[in-house]
Amino acid sequence: MSTSEQARRGLERRLEEVLGEEHAFTMMQHLPPGELATKLDLENLEHRLNRRMDGFDTRMERFEGRMDGFERKIDDLGPHLIAVMDGKNEGMEGRLVAMFHQQLAAQTRVFFFSTAGLMLTLAAILRAG
């Protein structure tokens with residue numbers, strides 16, 4: 001029988017003396033199989049977790065630094081992008097105004113010649129009549 005098994009049996013006997021057989025059995029059923037964790041085991045686990053968390057904190061700080069740099073780049077690009085968009089909008093506005101003037105000129109010609117044709121037709125009808 002291994003030392004851990006001997007220790008478990010000793011613990012179970014002592015629990016039976018203090019708690020009674022039924023309660024001792026219930027308690028032993030809730031213990032994990034194999035060796036029980038010691039304070040040293042828990043301290044080692046705590047140290048390993050702290051090291052991992054420190055590494056995580058370091059990575060998060062680097063990530064935050066990169067995000068700050070990204071935000072600065074976006075802030076620096078903002079005025080340039082606005083200027084580019086304004087230029088594109090002005091160019092588009094100029095093209096739209098030119099198209100409007102072309103369409104207006106074409107409609108004015110159609111209106112003028114239609115009105116002139118109507119007047120000539122009315123003059124011819126009045127002369128004939």
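Every number in this text was worked out from the coordinates using simple rules, so none of it is lab data. Keep in mind the model is a prediction, meaning the values are calculated, not measured. Note: ideal-geometry Cβ built from the backbone for every residue, glycine included; neighbour counts use all protein chains shown.
If eta is 1.002 mPa s and T is 20 °C, what Stokes-Einstein diffusion coefficient results for the chain, Kirkwood Rh from Cα pairs, in µm²/s?
84 µm²/s
If the chain between Arg95 and Thr108 were fully stretched, how many nm would it gain, using 0.36 nm times the residue separation less the Cα-Cα distance?
Contour length minus the Cα-Cα distance gives 2.7 nm.
Which net charge results for the neighbourhood of Ala24, defined as the other residues with beta-carbon distances under 9 angstrom from its beta-carbon, given Lys and Arg at +1 and Asp and Glu at -1?
That sum, taken over residues with Cβ under 9 Å, equals -3.
Helix hunt in the chain: which complete DSSP H runs extend at least 15 Å axially by C-alpha with mean Kyte-Doolittle at least -0.5?
Those that clear 15 Å and a mean of -0.5 are 39-128.
Would you kindly state how much longer the chain becomes between Asp86 and Ile74 on full extension, computed as 0.36 nm times their sequence separation minus their alpha carbon distance, in nm to one decimal?
2.6 nm
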